[in-house]
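The values are calculated or read from the model by the stated rules, or taken from the named source; none is laboratory data. Keep in mind that what you see is a predicted model, and the values were worked out from it rather than measured. Don't worry about glycine lacking a Cβ; one is built from the backbone with ideal geometry, like all the others, and counts go over all protein chains shown. Just the protein is used for accessible areas: all its heavy atoms, side chains included, with ligands, DNA and RNA removed. Shrake-Rupley method; radii C 1.70, N 1.55, O 1.52, S 1.80 Å.
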Amino acid sequence: MRTNFTMEDKYIRMSRGDTLSFGIQVCDEEGAPFGQDLERACFTCKSNRSDARFLFQKSLSHGIAKTGKGAYVVRVAPGDTANAKPGKYFYDLEIGCNGDVFTVMRGVLELVQDVTF
């Protein structure tokens with residue numbers, strides 16, 4: 001696994017109660033799709049970074065699925081945000097393999113008020 005991952009700061013905006021789905025590609029040092037399965041993948045969203053509780057959390061086989069060699073998809077279901085207050089939340093995406101853990105993405109997830117519910 002690469003030890004020089006660049007963490008991406010991303011701003012995500014979505015309607016409360018909708019589905020959010022995005023893919024990630026894990027590559028080796030040469031840029032080829034990583035051939036080994038991840039031991040850990042966790043997408044966590046909280047009101048405050050220091051909160052022990054989270055709004056929702058996705059992990060391997062529970063919202064994060066392998067879709068190909070080094071390819072994964074993260075899916076936030078409508079029920080994960082349906083009852084949340086519109087506003088800004090903090091998230092990160094950590095992956096792990098061979099005992100190493102890397103935060104590869106973090107930022108703000110803004111939930112906007114839905115009109116149709």
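The aspartates and glutamates within cross-link reach of Lys69, meaning a Cα-to-Cα straight distance under 12 Å and a gap of 8 or more places when in the same chain, are Asp28, Asp37. Of the listed values (1) 35; (2) 21; (3) 27, identify the label whose number matches percent of Cα pairs over 24 Å apart calculated from this model. Here the calculated entry is (3).
For Arg53 and Asp100, the FRET efficiency from 1/(1 + (r/R0)^6), where r spans their Cβ atoms and R0 equals 22 Å, is about 0.25. For the chain, the Cβ-based charge dipole about the Cα centre amounts to some 460 debye (Lys, Arg positive; Asp, Glu negative; other atoms uncharged). With a 1.4 Å probe and all protein chains left in place, how much of the accessible area of segment 63-117 comes from carbon and sulfur atoms, in whole percent? Of all accessible area on segment 63-117, carbon and sulfur atoms account for 53 percent. Among all the lysines, which ones have a C-alpha under 22 Å from Lys66's C-alpha, if same-chain residues fewer than 8 places away are not counted? Once the sequence-local lysines are set aside, what remains near Lys66 is Lys10, Lys58.
Antiparallel DSSP bridges in the chain: what percent, to the nearest 5?
Percent antiparallel among DSSP bridges in the chain is about 75.
For segment 73-117, the per residue solvent-accessible surface stands at 52 Å², with DNA, RNA and ligands left out and a 1.4 Å probe. When you restrict to C-alpha pairs under 8 Å that are six or more residues apart and normalise by the size of the chain, the relative contact order lands at 38 percent. When DSSP beta bridges are restricted to pairs lying wholly in segment 54-103, around 80% turn out antiparallel.
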